[in-house]
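Worksheet: the structure to be examined is printed underneath.
The values are calculated or read from the model by the stated rules, or taken from the named source; none is laboratory data. The shown structure was predicted, so the numbers you read here are calculated from the model rather than taken from an experiment. So basically every Cβ, Gly included, is an ideal-geometry build from the backbone, and we count neighbours across all protein chains shown.
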Amino acid sequence: NAGVTQTPKFQVLKTGQSMTLQCAQDMNHNSMYWYRQDPGMGLRLIYYSASEGTTDKGEVPNGYNVSRLNKREFSLRLESAAPSQTSVYFCASSEAPGVGKNIQYFGAGTRLSVL
Amino acid sequence: DAKTTQPPSMDCAEGRAANLPCNHSTISGNEYVYWYRQIHSQGPQYIIHGLKNNETNEMASLIITEDRKSSTLILPHATLRDTAVYYCIVRTSGSRLTFGEGTQLTVNP
């Protein structure tokens, strides 16, 4: 049981390049989330998907797009990377937004550097 | 969601109980207290949550004061592997997790 799998684990981009971070969960969860974590700080929500077919902005959505490809997969795209997007990106999933069912399970993270 | 206040750092001796406090004086009646931890460079890990009653699971105990304005996470026998940043989060059932800066717990041998 892999839980939440993120790829790649590490990535270096040049300013202006684009890339997609992949996330997949095998727990049959309805909700999925993307966070970023800058050095020494807590996590900030970028986008989330409460259920398949829906996506909503979080606290820091600018510069990102997301796709809920199916129930298992939720991708995060940087169309034109900027140095300010250097961060560690975490994907999470939860069963549903109800209490007890909204325990979020996190992936291992993608460490992104934009030069 | 209610704001939480946690000490930035704490130390604990290995084998002793670690008691991590959290103040959430503006908590409302339908908000739960959640605890997560993040071991260095890993994704956050759920520990426990509660509404008003004390809760215990295989990882920890959560003690919530009667007025619900504060809570304490207890790791009964801390080990070196419990060294991590611990996040106290207050939220309603449908709202999103908001991570603050947490408490850096260092367990010393």
**Request:** Name the single residue, out of those in region A:38-83 being among the small types (Gly, Ala, Ser) and in a strand (DSSP E or B), that is surrounded by the most Cβ atoms within 10 Å (Cβ to Cβ).
**Result:** A:Ser49
**Asked** Is region A:64-84 home to any residue that is at pLDDT 95 or above, out of contact with any Gly (no Cβ under 7 Å at 6 or more places or on another chain) and within 13 Å of chain B (Cβ to nearest Cβ)?
**Response** no
**Fill in**
In region A:85-98, residues that are within 14 Å of another protein chain (Cβ to nearest Cβ) and crowded, with 17+ Cβ neighbours inside 10 Å total 9
**Prompt:** B:Ser41: exposed (fewer than 13 other Cβ atoms within 10 Å of the Cβ) and either at the interface with chain A (Cβ under 10 Å from one of its Cβ atoms) or in a strand (DSSP E or B) (or both), yes or no?
**Reply:** yes
**Message:** Which numbered condition in (1) buried (at least 16 other Cβ atoms within 10 Å of the Cβ); (2) under 13 Å from the mean Cα position of the chain (by Cα); (3) away from chain B (no Cβ under 14 Å) is the only one that A:Thr20 fails?
**Reply:** (1)
**Asked** Any residue at all in region B:26-33 that is assigned to a strand (DSSP E or B) and modelled with pLDDT of 95 or more?
**Response** no
**Item:** Pairs, first over 12 Å from A:Leu76 (Cβ atoms) in region A:2-28, second of a type in the set (Lys, Arg) and in a strand (DSSP E or B), C-beta under 6 Å, six or more apart
**Value:** A:Phe10/A:Arg111
**Asked** Hey, among the residues in region B:58-69 that are within 13 Å of the chain's Cα centre (by Cα) and either closer than 16 Å to B:Gly102 by Cβ or in a loop (DSSP other than H, G, I, E, B) (or both), which one's modelled with the lowest pLDDT?
**Response** B:Met59
**Asked** A:Tyr35 versus (1) of a type outside the set (Gly, Ala, Ser); (2) surrounded by 17 or more Cβ atoms within 10 Å (Cβ to Cβ); (3) more than 20 Å from B:Ile39 (Cα to Cα): which is the lone unmet condition?
**Response** (3)
**Residue identified as away from chain A (no Cβ under 14 Å), out of contact with any Cys (no Cβ under 8 Å at 6 or more places or on another chain), farther than 23 Å from A:Asn30 by Cα and in contact (Cβ under 8 Å) with a residue 60 or more places away in the chain among B:Asp11, B:Asp67** = B:Asp11
**Request:** Go through B:Asn57, B:Asn30 for me and flag whichever is surrounded by fewer than 19 Cβ atoms within 10 Å (Cβ to Cβ) and either in contact with an Asp or Glu (Cβ under 8 Å, 6 or more places away or on another chain) or within 11 Å of another protein chain (Cβ to nearest Cβ) (or both).
**Result:** B:Asn30
**Conditions (1) touching a Leu at 6+ places or on another chain (Cβ under 7 Å); (2) within 12 Å of another protein chain (Cβ to nearest Cβ): number failed by A:Gly107** = (1)
